1. Output the number of the condition that Glu49 fails; it satisfies all remaining conditions of (1) within 16 Å of the ligand (Cβ to nearest atom); (2) touching a Ser or Thr at 6+ places or on another chain (Cβ under 8 Å); (3) farther than 21 Å from Leu140 by Cβ.
2. Return the residue satisfying two criteria in turn: it lies in the range 343-362 and is in a loop (DSSP other than H, G, I, E, B) and closer than 23 Å to Ser41 by Cα, and of such residues it is nearest to the chain's Cα centre (by Cα).
3. Any residue at all in the range 217-224 that is more than 16 Å from the ligand (Cβ to nearest atom), at pLDDT 95 or above, more than 18 Å from Ala300 (Cβ to Cβ) and in the same structural domain as Gln95 (by TED's automatic domain parsing)?
4. If a residue counts only when it is surrounded by fewer than 23 Cβ atoms within 10 Å (Cβ to Cβ), in the same structural domain as Leu113 (by TED's automatic domain parsing) and more than 16 Å from the ligand (Cβ to nearest atom), which strands (runs of 3 or more DSSP E) contained entirely in the range 124-216 have at least 2 such residues?
5. Could you check Gly365 against (1) crowded, with 20+ Cβ neighbours inside 10 Å; (2) modelled with pLDDT of 95 or more; (3) in a helix (DSSP H, G or I) and say which number it fails?
6. Please go through (1) surrounded by fewer than 15 Cβ atoms within 10 Å (Cβ to Cβ); (2) aliphatic (A, V, I, L, M); (3) at pLDDT 95 or above for Ala331 and return the number of the only condition it doesn't satisfy.
7. How many residues does the range 211-266 hold that are more than 27 Å from Val378 (Cα to Cα), of a type in the set (Val, Ile, Thr) and touching a Ser or Thr at 6+ places or on another chain (Cβ under 8 Å)?
8. Just need a number here: residues in the range 41-61 that are out of contact with any Gly (no Cβ under 9 Å at 6 or more places or on another chain) and closer than 15 Å to Ser284 by Cβ.
Amino acid sequence: MTSTKTTNNSHALTDRLRYVEASPTLALAAKAKALAKAGKSVIDFTAGEPDLPTPEPVKQAGIAAISQDRTRYTPVAGIPELRSAIAGDLNKQRQTHYSASQVLVSCGAKQALFNSFQALCQAGDEVIVLSPYWVSYPPLVRLAGATPVIVETSKRDQFLADVARIQAACSPATKAIVLNSPNNPTGAVFDEERLVAIAQLAHERNLIVISDEIYDRLVYPPARHHSIVQCSPALVDQTLIVSGVSKTYRMTGWRIGYVAGPQTWIEAMEAIQSHSTSNPSSISQYAALAALQGDQASIAQMVEMYQQRRDRLVKGLNALAGCWAQVPDGAFYVWCDVSGLKQPAAAIAAQWLEDALVATIPGEGFGAPHYIRFSFPVSLETIDEGLRRLSQWVAHH
Ligand SMILES: Cc1ncc(COP(=O)(O)O)c(C=O)c1O
């Protein structure tokens, strides 16, 4: 007999699901991939990952970890060698003094962020999130029971945070601010002066800073990455730096990210992780260690290559009637204003996919309904063909 308490029933879902839908970026990327698999010639600008393979020595380190039976549970927070290598790398890049015990290795930067919000934010807390934002910040804040307070940045300010606006959005309930530089989706890179001003505000209001620096090595000269802890060393006691190997070392599938910060916070996150996933994959940890300890020359080569693609795409998009694109200083996305096309971005992206087989990510999920994100780790030929199709589409609409 069937129970009246059916399990396949939306009433069974918890209240926290009200705020959480599957990531829109992943959904569109999946649709583009499904079309391509069905034999359609899709030009895919959706992927949030490098097109190049994982470097060979890193792959070999993963294979060696399997051969050498390094396939058991590791300490929850990661193998000591990797925690130490991450602390060393952060200290070298940012002139900080993190110890290995101030680093937690997680299943991607995403879990590092999840742990951060779970450990530090709860109901009644407000968290400042700058828009356009990476799609997962608001749901991650809400899953912790807290409320995201969105502070808009604009095209006029090159999508850089206006400190007075942040200040105006603060209330007695403000607990934390999320920074993301280089930014996904805009590619904006914070200058030192602005970070110093934000740090001062964070000091005055005793705000926790969650600084997502996953694209820190993907910055196009003359722009340079600055971390808030470099600009204001005293802020280190109230800051979490989140990063990982996914983008820099082309390791998105290996799922290794990390968070560094005050030891008591790291221990709290370790406790959370001990009851959710435990350690990230042992094999991936050894591969990440090889990535950090290996030759770093391929990063500069990748940046040079992506800069060429960036310039080609920005130029082409700016030649399309109704579109305007900013030159991104970092990451690998072009953020394109499509308000001149007089329709919401979601409608335009759907038509581009349907009519021209060009896949992009509409800005609604990033808090900006008149923008479309183009990811440019694709070949120059792909960029040219995508632009050709879009210029034809625009000419007919
Ligand atoms: C800004 C930002 N933070 C975090 C992540 C998550 O990185 P990971 O794949 O290491 O979980 C991404 C991935 O797209 C991102 O763009």
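The values are calculated or read from the model by the stated rules, or taken from the named source; none is laboratory data. Just so it is clear, the structure is predicted and the values come from calculations on it, not from any experiment. Reconstructed Cβ throughout: ideal geometry from the backbone, glycine too, with neighbour counts over all protein chains shown.
1. (3)
2. Here is the first cut: in the range 343-362, the residues in a loop (DSSP other than H, G, I, E, B) are 343-344, 357, 360.
Cutting the leftovers down to closer than 23 Å to Ser41 by Cα gives us 357, 360.
Working: Leu357: 26, Thr360: 17 Å.
Residue satisfying both the conditions and the ranking: Thr360.
3. Here is the first cut: in the range 217-224, the residues more than 16 Å from the ligand (Cβ to nearest atom) are 220-224.
Add one more test, that the residue is at pLDDT 95 or above, and what stays is 220-224.
Within this subset, residues satisfying the condition of being more than 18 Å from Ala300 (Cβ to Cβ) are none.
Checking the range 217-224: not a single residue is more than 16 Å from the ligand (Cβ to nearest atom), at pLDDT 95 or above, more than 18 Å from Ala300 (Cβ to Cβ) and in the same structural domain as Gln95 (by TED's automatic domain parsing).
4. On the way: elements: 126-131, 147-152, 174-180, 208-212.
Once the strands (runs of 3 or more DSSP E) in the range 124-216 are filtered for at least 2 residues that are surrounded by fewer than 23 Cβ atoms within 10 Å (Cβ to Cβ), in the same structural domain as Leu113 (by TED's automatic domain parsing) and more than 16 Å from the ligand (Cβ to nearest atom), what remains is 147-152, 174-180.
5. (2)
6. Among (1) surrounded by fewer than 15 Cβ atoms within 10 Å (Cβ to Cβ); (2) aliphatic (A, V, I, L, M); (3) at pLDDT 95 or above, the lone unmet condition for Ala331 is (1).
7. Of the residues in that region, 7 qualify.
8. To start, the set of residues in the range 41-61 that are out of contact with any Gly (no Cβ under 9 Å at 6 or more places or on another chain) comprises 41-42, 46-48, 50-53, 56, 59-60.
From what is left, the residues that are closer than 15 Å to Ser284 by Cβ are 59-60.
The total comes to 2.
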